[in-house]
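Here is the structure we will look at, set down as structure tokens.
The values are calculated or read from the model by the stated rules, or taken from the named source; none is laboratory data. Bear in mind that the values here come from a model prediction, so they are computed numbers and not experimental data. Note that each Cβ is placed from the backbone with ideal geometry, even for glycine, and that neighbours are counted across all protein chains shown.
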Amino acid sequence: MLDYLIIGQGLAGSCLAHRLLKENKSYKIIDIVSNSASFVSSGMYNPVVLKRFTPVWNAEIEINKLLKEFKDFEILLKVKLIYNSDLYRIFANEDEVRTWKKKSERNENLKPFLDPEIYDSVNPNIIANFGMGKVYKSGKIFVRELLREFRKFLLKDNRLIDDIFDFNHLNKEINYYEYKGIKTKKIVFCDGYSLKYNPYFNYLPMEGVKGETMVIHANGLGLTDIVKSKVFIMPMDKDYYYIGATYHYREVNDEISEEGQNELINSLNKFLNIDYKIVKKFAGIRPTVVDRRPLLGEHPEFKNMFIFNGLGSRGVMLAPIMAEELYHFMENSKELLSEVSIKRFNL
């Protein structure tokens, strides 16, 4: 009899499994490799909504938690996952410059994160006619490496079943769930956008937002910081850079499109003044919610059936702290934050 059966090994499922591992709980994950939002994620974290210069919800707490969580993952998996970097936001006009100065000097929630100084371009090949602002406490988590190496760990430890979950084989018994011979006290769905096809939780208001990204090689660019305009450019290794991301609500699929890639290229060319070559292209569906808050909680009718979903575009920031929240809810009956509890959408 397992303590937990987890469906999905994206950021949510991996962080929850990591928490269960620390707590010596028995579990298995059912997951098959796909173009999930986590797998194609940029992994960037920052404490500011850069479109409007507003603070991210619970930013300080979330960043402190994610740095601890992914450091623990680094120790477990013996792989580098955290890349600390300042982030520079290119200003589009003088109004943005004035707004930045005002908020960095007067907004108490933004003061820890926004540098009031206006910088010239951090690189001769980055165009910033109105300058740029620096955001502190930003960086990147190497999500693909995390998911790949943790998957290897789970397979070696006999904790992962490489298969697609079939709801037709899930049976509810009196005190446990049974799935293809596996018995578990609790089951947790961390199934991302596949929630739309989950007969138990598809009543929840999940929205799919398609995102496309790409990797370029720009020989001689030498950029070491993350730079954000309409799209961001993020250093990887040896003049390889991650570019993203698009947000498409109309065409919700995980297929690379000419429209999406052209949008990335056109946006990038407005501030990058160097030749480059596109070496990889990615597309995925972000699981987002109408109120832009995660989905955590227990099914209103089926006891010990839980959901952990809706992390959206801030998965690396939300997954560690939400995994902890959900764990204490499931094990210690600690009430979930009202902002993330699915009770706000109960039928």
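Just so you know, in the range 128-174 the residues that are closer than 30 Å to Val56 by Cα and among the polar types (S, T, N, Q) include one that is surrounded by the fewest Cβ atoms within 10 Å (Cβ to Cβ), and it is Asn129. Exactly one residue out of Phe165, Phe150 is in the same structural domain as Met322 (by TED's automatic domain parsing) and either of a type in the set (A, V, I, L, M) or assigned to a helix (DSSP H, G or I) (or both): that is Phe150.
Assess whether Lys186 counts as being of a type outside the set (A, V, I, L, M, F, W, C), surrounded by 17 or more Cβ atoms within 10 Å (Cβ to Cβ), farther than 23 Å from Met44 by Cα and not assigned by TED's automatic domain parsing to the domain that holds Phe282. Against the criterion (of a type outside the set (A, V, I, L, M, F, W, C), surrounded by 17 or more Cβ atoms within 10 Å (Cβ to Cβ), farther than 23 Å from Met44 by Cα and not assigned by TED's automatic domain parsing to the domain that holds Phe282), Lys186 qualifies. Number of residues in the range 183-199 that are modelled with pLDDT of 95 or more and farther than 13 Å from Ile7 by Cα equals 3. Please indicate, with yes or no, whether at least one residue in the range 112-133 is in contact with a helix residue (DSSP H, G or I) (Cβ under 6 Å, 6 or more places away or on another chain), outside any loop (DSSP other than H, G, I, E, B), small (Gly, Ala, Ser) and outside the structural domain of Leu16 (by TED's automatic domain parsing). Yes - at least one qualifying residue is present in the range 112-133. The set of residues in the range 203-229 being surrounded by fewer than 17 Cβ atoms within 10 Å (Cβ to Cβ) and in a strand (DSSP E or B) consists of His217 alone.
The number of residues in the range 233-248 being in contact with a Leu (Cβ under 8 Å, 6 or more places away or on another chain) and either modelled with pLDDT of 90 or more or surrounded by fewer than 19 Cβ atoms within 10 Å (Cβ to Cβ) (or both) comes to 5.
Among the candidates Tyr200, Tyr193, the residue that is surrounded by fewer than 21 Cβ atoms within 10 Å (Cβ to Cβ) and either under 30 Å from Arg292 (Cβ atoms) or touching a residue at least 40 places away in the same chain (Cβ under 8 Å) (or both) is uniquely Tyr200. Of everything listed in (1) under 27 Å from Asn123 (Cβ atoms); (2) touching a residue at least 40 places away in the same chain (Cβ under 8 Å), the single unmet condition for Val49 is (2).
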